[in-house]
Amino acid sequence: MILIGLTGGIGSGKSTVSSLLAKRGAVIIDADAITRELQQRGAPLLGVLAERFGAHIIAADGSLIREELRNIAFSDADALKDLNKIVHPAVATEMDRRMEEVRNTDKVVILDIPLLTENPRKGLCGIVVVDVPVEVQVARLAEFRGMKEEDARAVIAKQATREERTKIADQVIDNSGDLESLQVQVDAVWQWAQQLPPATEDAGTRESKTSPNENP
């Protein structure tokens, strides 16, 4: 496999880029999507979260109230550490499982990880960063997620800076323009990715770092 890391700050439109790459034939292993799957109603992880953070984070229908959990985690450093200890290992294990399923193929595999800068992976064939100005992030979080400006800026401030992300990038996609511009850039990245040499046997293993979770 050719293993590519894809990252970008919250509100950067990374998920759109991931979707466009999937349409071009990439296998997507999405950390956020896996997190949501593991936190679905009735999932064992949901019970662990409720035990630590309180039953009030669970709605009457048994689903997770993500905003409630996010508010707790980002207002209390100890709570955020505990959240990471609960969620990160479970998500990482599932990502590793999915990666092993395609390791011996010739596919382009995208590790879609919001906090890749903060939590590096070994042996990636390349890293793609989706970049937008902070003001664009704030505006998108308000429009599409209904977040207050101060809350959006607080979450952004807990993540790596634009400079820190672009420093590790082999390819940078500017997603501050229109869809046509984005399509052109994704096409170029797709062509680049297919020419890379295959990943090594230990590619994708985690380095020993931890950091805040974007999407509780």
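Every number here is computed from the coordinates shown, using simple stated rules; none is lab data. Since this is a predicted model, take the numbers as computed values, not measurements. Note: ideal-geometry Cβ built from the backbone for every residue, glycine included; neighbour counts use all protein chains shown.
Here r is the Cβ-Cβ distance between Lys122 and Asp61 and R0 is 41 Å; the resulting FRET efficiency, rounded to 0.05, is 0.50. Between the Cα long axis of helix 14-23 and the first principal axis of the chain there is an angle of about 50°, rounded to the nearest 10. Each 5 Å bin, from zero up to the one with the longest distance, holds this percent of the alpha carbon pairs of the chain: 1, 7, 15, 18, 19, 17, 12, 7, 3, 0, 0. Highest average first, the peptides 47-55, 158-166, 120-128 ordered by how many other beta carbon atoms sit within 10 Å of their residues are 120-128, 158-166, 47-55.
Principal semi-axes of the equivalent ellipsoid, √(5λ) from the alpha carbon gyration tensor of the stretch 102-215, are 27, 19, 11 Å from largest down.
The stretch 163-182 and the stretch 21-53 have Cα centres spaced 25 Å apart. When only C-alpha pairs under 8 Å and at least 6 residues apart count, what is the relative contact order of the chain, in percent? Relative CO of the chain lands at 38 percent.
Taken along the Cα-to-beta-carbon direction at a fixed 7 Å, the label points for Lys23 and Lys167 span 3.5 nm.
Beta bridges assigned by DSSP with both partners in the stretch 2-194 are antiparallel in approximately 5 percent of cases. A simple count of charges around Val186, restricted to other residues whose Cβ falls under 15 Å of its Cβ and scoring Lys, Arg +1 and Asp, Glu -1, yields -4. Kirkwood radius, the stretch 36-143, all distinct C-alpha pairs, inverse of mean reciprocal distance: 16.5 Å. Cα centroids of the stretch 187-206 and the stretch 104-123: 9 Å apart.
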